[in-house]
Amino acid sequence: MKTLLGLIVFLLSATPVNAELYKWVDEQGKVHYSDQPASGKTKSEAILEIPNQPTTSTSTASSKTWQEKELEYKKRQSSAAEAEAKKQKDAQDEKTKRENCANAKQNLSQLESIAPAYTYDEKTGRSYLNPTQRAEAIEKARKSVTEWCK
């Protein structure tokens, strides 16, 4: 009940009213501000006129409703989230590319060294590459380095 009464009092006190604000100077030179013009010989001027109808966001064609503003906000948030996801994906792709480049260079380096090259198979274990197989593996490794290290 108190809440309802408080709401009614608030709404009644918030109704728009025509008002003017006056500025005037008295005989001692003091400046006064009032909602009524000065009486007597003092000069007063209206410095602020408060209109009867308050301006609202729907009264002008250029302003937007809160629903339109909310929709724009959600679009901006969605775009920002998509941009962040793309940025993270690009960073992950770049990291993977750098790792693959490093691995390809290491593999090529090992194949081009004088140490014997071998492959590992679970069935047969370690099997050494003959010169032809080694040349083919080096060519594949060079292609891999070219592909990953652009």
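Quick note: the coordinates plus some simple rules give every number you see, no bench work behind them. Nothing here was measured: the structure is a model prediction, and the numbers come from that model. Counting neighbours? That spans all protein chains shown, and the Cβs are built from the backbone with ideal geometry, glycine included.
At a 10 angstrom cut-off on C-beta neighbours, averaged per residue, how do the peptides 107-114, 139-146 rank from highest to lowest? Provide the component values of the computation, followed by the final result.
Values: 107-114: 13.1, 139-146: 14.8.
Put in order of decreasing packing, that is 139-146, 107-114.
For K30, list the lysines whose Cα falls under 25 Å from its own Cα; do not include residues on the same chain fewer than 8 positions away.
Reachable lysines: K41, K43.
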